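The block underneath contains the structure these notes are about, expressed in structure tokens.
The values are calculated or read from the model by the stated rules, or taken from the named source; none is laboratory data. Note that the structure is predicted; figures quoted are calculated from it, not measured. Using ideal geometry, Cβ is built from the backbone for each residue, glycine included, and neighbour counts are taken over all protein chains shown.
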Amino acid sequence: MAQAKKKAAAKKPAASKTVTKATKKSVAKKPAAKKVVAKARKAPRTAVKKGASNKGPSNATLKSLHLKMLRIRRFEERAGKLMEDGKVPGALHLYVGQEAVASGVMQHLSNEDWITSTHRGHGHLVAKGGEFKPMFAELFGRSTGYCNGKGGSMHISNMDLGMLGANGIVGGGPPIAMGAAFSNQFKGNKNVSIAFFGDGASNEGSVHEAANMAALYKLPCVFVCENNGYGEYTPQSGHQAIVDVADRASGYGMPGVICDGMDVMAVYEAAGEAIERARSGGGPTLLECKTYRYYDHVGIRGMGLTYRTDEEVEAWKKKDAINSFEKRLIQLGVMSRKQLDDLDAKIGEELEEAIVYASDSPYPTPGQLLEDVYYVKGA
Amino acid sequence: MSEAKKPEPRVLPYVLAINEGIRTVLREQDDSFIAGEDVAAAGSVYGYCGGLLDEFGSRRVIDTPISEKGIMGLGVGASATGCRPIIDLMFMDFLGECMDEVANQMAKMRFMFGGKATLPVTVLTMGGAGGGMAAQHSQSLEAWLAHLPGMKVVMPSDAYDAKGMIISACRDDNPVFVVLNKQSLAMSMEVPEESYEVPIGEAIVRKQGTDLTIVAFGRMVHEALDAAEQLKEVGLNVEVIDARSVQPFDTATVVTSIKKTHRALIVHEAVKFGGIGGEITAQIQEEAFDYLDAPIMRVAAPFSPVPFSPALEKLYIPNAAGIVAKVKETLEL
Ligand SMILES: Cc1ncc(C[n+]2csc(CCOP(=O)(O)OP(=O)(O)O)c2C)c(N)n1
Ligand SMILES: [Mg+2]
């Protein structure tokens, strides 16, 4: 193992090269770095403006975006700590660093819109309206959890909120999101579905098949690739020959859009356009958000890893989505530092309450083991 | 590692025995390489590929994208054309992603081609529950594979067998799945440094006994041996057979044992319905019906996906206590 690690370190230049480039790109185009990289030949073209649009979102929207991000961050920090303390069984893949993506996308969705998530799924659920109590209860394996404790972190889901599950299978989500989009089109409603997936997942055949079908049937679906530069311990340069996953969009016949995934407004705008297109019958979009996970693939430890440098992590943290957005909220007079701190404290209290609730909750009963394997009429 | 004090028996954990098995093969066979997700730079998520990249270089120790269809196809295509690939499928559950390459290509190609193609490919994969990894990272799907004519499937229960079976599998000119167990990674025992084979298709009697024969698969062998110890205390002497190979299955060793004990209990971690235990039961009664003094019994997982909650996962996984109870039931005690 030690030898393997040495080798991983030696491989680093390639890794940091890729990520540095992404960093530079997103830093250069400050507030809403976004470009259409590929247009489908016949798919309707997005009118993408440079920078944030004039008619900005309301203060309520800004606050809501911030609240989502902060709730995710604090939930994940706490969950990670609990895992390290041995209170949560299994493995947690934490979303810290990527909050802007889930928040910016979910701001446009109602409970009637579907999403599919990934193994790194807590953030998507929180942004979709997931409550701390049943979420922690699920992570603790208690019967009060969203899945009665039977799914855990990797399968956490809530149908009422339009959340079709985290997924233990990389690339498992996109075909399901495509199916949900088909269902929306079939029923003639205006709901959309969003498939979240990683840069690593973009190499699964399932993702290509789902994207092709969504484009072919012009389904109300948005494929959101959260490119955090790594699939487990392999840098993007070690798993695909391209830098921008959005390049693949033209091959599917849908627009491809890249945005700065560390800027919640950039995500909000790019996602808004893609979702609007999907809702209005314009078909799917591949939206790539350049982002970064601060922690390790599993658990908390983010620094001192063999497969990436601490400098790289620091560089991304400088662009932290929550920090920069809070500065902006203060500048715009939307919220004061004091209000932000109070909100943070309130979230903290809510978390502690939820953890007590979860740890006081009962485990599923032995009888529940064989429940819900099948749908049983009248049960 | 290589300079251990000579006379002392060398003890290795399962995880390092796997490593040594792969290493031995890569040293012995120039046409071998190992490919899989995070096997090279990271040394595999389980650590069993540690150091391989350093010793053999990136031509033979290959990190792949997360593309199981592609990875398994690589194994099929490369083995049919002169290589001896070792393919690493991180979790057995991911078979779902590549079952066509496994079931319709790898297993059948030689037959379909009238014997003109040979596929010396070995797939290493990891099964088993117990770590709170939930429904998609905990399954025991060996029956899926054993159902495929053309496929061989082994389940090493300890470090010695892990190394020896990997070597045998890689020397075999057929596709072989080596189904490893993630709860066994730290289990240590004496493992010879030299190259050796553990024959594919041969079960082994782990404990002699006279009252009942337990046939166990993979990690369940240890639960069965535990149960055998507990049963000694109540005056019962059971025989424990480690099946080791699922396909081909060593019916002869099992039947010989049953002719002595007249009772049989099959133990596996996979779901009971459609599990390999049903097949073994049928084979025993076809070949040794007249020797049986009791119905053949099974201890296996209930018919449910693997639950996440530790409270349920504990109930789900077959254990020594359950085996003891079932043995007593079989003996009408
Ligand atoms: C089909 C499948 N293959 C492999 C894995 C193991 N695995 C879990 S997460 C992961 C990396 C995923 O990378 P990416 O899609 O970029 O998501 P990220 O972890 O970066 O959020 C891998 C290989 C899996 N869970 N499912
Ligand atoms: Mg990634």
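Within the set B:ASP88, B:ASP93, B:ASP38, the sole residue that is on the phi > 0 side of the Ramachandran plot and under 23 Å from the mean Cα position of the chain (by Cα) turns out to be B:ASP38.
When region A:293-344 is limited to residues that are among the aromatic types (Phe, Trp, Tyr) and within 16 Å of ligand 1 (Cβ to nearest atom), the one that is nearest to the other protein chains (Cβ to nearest Cβ) turns out to be A:TYR307.
In the set B:ALA311, B:ALA325, only one residue is within 14 Å of chain A (Cβ to nearest Cβ) and not in a loop (DSSP other than H, G, I, E, B); that residue is B:ALA311. Only residues that are part of a loop (DSSP other than H, G, I, E, B) and either within 22 Å of A:VAL298 (Cα to Cα) or within 14 Å of chain B (Cβ to nearest Cβ) (or both) were counted in region A:122-163, giving 16. Taking region B:63-89 as the range and being within 14 Å of chain A (Cβ to nearest Cβ), of a type in the set (A, V, I, L, M, F, W, C) and surrounded by fewer than 22 Cβ atoms within 10 Å (Cβ to Cβ) as the test, only B:LEU74 passes.
Taking (1) in a strand (DSSP E or B); (2) within 16 Å of ligand 2 (Cβ to nearest atom) in turn, A:ASN167 satisfies each apart from (1).
Restricting attention to region B:103-125, the residues being surrounded by fewer than 24 Cβ atoms within 10 Å (Cβ to Cβ) and either within 14 Å of chain A (Cβ to nearest Cβ) or part of a helix (DSSP H, G or I) (or both) number 7.
Just to be sure I understand the filter: pairs with C-beta atoms under 9 Å, separated by 6 or more residues or on different chains, first member in region A:181-205 and under 16 Å from A:ILE275 (Cα atoms), second member charged (D, E, K, R) and within 16 Å of ligand 2 (Cβ to nearest atom). Which pairs pass? Within 9 Å, the pairs are A:PHE196/A:ARG120; A:PHE196/A:GLU226. In region B:161-249, counting only strands (runs of 3 or more DSSP E) that sit wholly within it, the ones holding 3 or more residues that are among the β-branched types (Val, Ile, Thr) and buried (at least 19 other Cβ atoms within 10 Å of the Cβ) span B:176-181, B:212-216, B:238-242.
Restricting attention to region A:264-281, does a residue exist that is within 12 Å of ligand 1 (Cβ to nearest atom), touching a residue at least 12 places away in the same chain (Cβ under 8 Å) and out of contact with any Phe, Trp or Tyr (no Cβ under 6 Å at 6 or more places or on another chain)? No, there is no match, as no residue in region A:264-281 is within 12 Å of ligand 1 (Cβ to nearest atom), touching a residue at least 12 places away in the same chain (Cβ under 8 Å) and out of contact with any Phe, Trp or Tyr (no Cβ under 6 Å at 6 or more places or on another chain).
Among the residues of region A:145-180, those that are buried (at least 24 other Cβ atoms within 10 Å of the Cβ), among the aliphatic types (A, V, I, L, M) and over 21 Å from A:GLY281 (Cβ atoms) comprise A:MET154, A:ILE156, A:MET163, A:ALA166, A:VAL170. Of all the criteria given as (1) closer than 30 Å to A:ASP199 by Cα; (2) charged (D, E, K, R); (3) touching a Lys or Arg at 6+ places or on another chain (Cβ under 9 Å), the one not satisfied by A:GLU352 is (1).
Quick check on region B:126-145. Is at least one of its residues among the small types (Gly, Ala, Ser) and in a helix (DSSP H, G or I)? Yes, region B:126-145 contains a residue that is among the small types (Gly, Ala, Ser) and in a helix (DSSP H, G or I). Before we move on, is B:GLU28 surrounded by fewer than 23 Cβ atoms within 10 Å (Cβ to Cβ), touching a residue at least 60 places away in the same chain (Cβ under 8 Å) and either assigned by TED's automatic domain parsing to the domain that holds B:TYR160 or more than 29 Å from A:ALA91 (Cβ to Cβ) (or both)? For B:GLU28, the condition - surrounded by fewer than 23 Cβ atoms within 10 Å (Cβ to Cβ), touching a residue at least 60 places away in the same chain (Cβ under 8 Å) and either assigned by TED's automatic domain parsing to the domain that holds B:TYR160 or more than 29 Å from A:ALA91 (Cβ to Cβ) (or both) - is met.
Just one residue in the set A:SER193, A:SER202, A:SER183, A:SER237 is among the hydroxyl-bearing types (Ser, Thr, Tyr), more than 16 Å from ligand 2 (Cβ to nearest atom) and either surrounded by 24 or more Cβ atoms within 10 Å (Cβ to Cβ) or within 14 Å of chain B (Cβ to nearest Cβ) (or both); that residue is A:SER193. Among the conditions (1) under 28 Å from A:LEU370 (Cα atoms); (2) surrounded by 22 or more Cβ atoms within 10 Å (Cβ to Cβ); (3) more than 14 Å from the chain's Cα centre (by Cα), A:GLU131 misses just one, which is (2). State all residues of region B:265-298 that are more than 17 Å from B:ARG244 (Cα to Cα) and in a strand (DSSP E or B); if no residue qualifies, say none. Result: B:VAL271, B:MET297, B:ARG298.
Scanning region B:50-62 for residues that are within 7 Å of another protein chain (Cβ to nearest Cβ) and either aromatic (Phe, Trp, Tyr) or crowded, with 18+ Cβ neighbours inside 10 Å (or both) yields B:GLY50, B:GLY51, B:LEU53. Residue count for region A:320-379 under the criterion of being more than 16 Å from A:ALA137 (Cα to Cα), in contact (Cβ under 8 Å) with a residue 60 or more places away in the chain and loosely packed, with under 12 Cβ neighbours inside 10 Å: the result is 1.
Is it the case that region A:248-257 has a residue that's within 14 Å of chain B (Cβ to nearest Cβ) and within 12 Å of ligand 1 (Cβ to nearest atom)? Within region A:248-257, not a single residue is within 14 Å of chain B (Cβ to nearest Cβ) and within 12 Å of ligand 1 (Cβ to nearest atom). Selection over region A:217-234 of residues that are in contact with a helix residue (DSSP H, G or I) (Cβ under 6 Å, 6 or more places away or on another chain) and either within 14 Å of another protein chain (Cβ to nearest Cβ) or near ligand 2 (Cβ under 9 Å from one of its atoms) (or both) gives a count of 4.
Taking region B:99-132 as the range and being among the hydrophobic types (A, V, I, L, M, F, W, C) and free of Cβ contacts under 8 Å to residues at least 24 places away in the same chain as the test, the residues that pass are B:MET112, B:PHE113. Are any of the residues in region A:306-315 in contact with a Phe, Trp or Tyr (Cβ under 9 Å, 6 or more places away or on another chain), at positive phi and not hydrophobic (A, V, I, L, M, F, W, C)? Checked region A:306-315: no residue is in contact with a Phe, Trp or Tyr (Cβ under 9 Å, 6 or more places away or on another chain), at positive phi and not hydrophobic (A, V, I, L, M, F, W, C). Among the residues making up region A:85-121, those that are part of a loop (DSSP other than H, G, I, E, B), within 16 Å of ligand 1 (Cβ to nearest atom) and farther than 13 Å from A:ASN158 by Cα are A:GLY90, A:ALA91, A:LEU92, A:HIS93, A:LEU94, A:TYR95, A:VAL96, A:GLY97, A:GLN98, A:THR118, A:HIS119, A:ARG120.
For beta carbons closer than 9 Å, sequence separation of 6+ or different chains, a first residue in region B:73-98 that is farther than 26 Å from B:GLY128 by Cβ and a second that is among the β-branched types (Val, Ile, Thr) and surrounded by fewer than 19 Cβ atoms within 10 Å (Cβ to Cβ), the qualifying pairs are B:SER79/B:THR118; B:ALA80/B:THR118.
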